[in-house]
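Reviewing the structure listed below.
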Amino acid sequence: MRVISGTARGTRLVSLGSANIRPTLDRVKESFFNQVGPGLQGVAFLDLFAGSGSMGIEALSRGAEIVVFVEPDLKAQNIIMQNLEKCKMTGENQILLKSTALMGLKTLKEQGQNFDLVFVDPPFADDLYEPTLLKLSSSGILRQDAVVVVEHFHKTVLQENYDKLKFYKDRRLGDSCLSFFSFEDSL
């Protein structure tokens, strides 16, 4: 597992080595960033279920303005901090929220945070897609035209819509699939 592009390109990241936390494969990460654009200047990025933090770190490396990592597991939180230090990313443009995804969304709303791009990668077996996406849709933290990308097992069928989140494409990569949703908040 490594940083693919940007300021920390080539840096090998520490992984968790835990069966409970499945890292996003480099080819899935590369496909994700190819789909959303190579440069992320000015983008506010939310990494829900952050695990080792590799997706958020990649976003920072590619110029994201701010990245928020949401992760409840203490071991994973420590790995995220190690990886940020290894990549020399210890500034104020990254926040580690030590929380579950659903509680984290509430906290982010209370803090007045807003995001352009959200990566959602819950444990495949925990069936957290629907509650997370519905809560995210109504959370008030998504900017108009925000993009939400969900990594899931290719046989898991997601809905076309989760309230204001509208499915528009997917990409299958081996056993994983990336599903893309746009946020359409009609005023």
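All of the numbers you see were taken from the coordinates with simple rules; none came from a lab. If you're wondering where the values come from, they're calculated on a predicted model, not measured in any experiment. Using ideal geometry, Cβ is built from the backbone for each residue, glycine included, and neighbour counts are taken over all protein chains shown.
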How much of the DSSP beta bridge set in the stretch 26-183 is antiparallel, as a percent to the nearest 5? 50
Across the Cα atoms of the stretch 57-187, what radius of gyration and what greatest pairwise Cα-Cα distance (Dmax) are found, in Å? 14.9, 43
By the scheme Lys and Arg +1, Asp and Glu -1, what is the net charge of all other residues having a beta-carbon under 14 Å from that of residue 78? 0
Simple label model, 7 Å out from Cα along Cβ direction - residue 184 to residue 7, nm: 3.7
For 79, 66, 57, what ranking results if the residue with the fewest other Cβ atoms within 10 Å of its Cβ goes first? 66, 79, 57
Compute the relative contact order of the stretch 80-187 as a whole-number percentage, counting only Cα pairs closer than 8 Å that sit 6 or more residues apart in sequence. 23
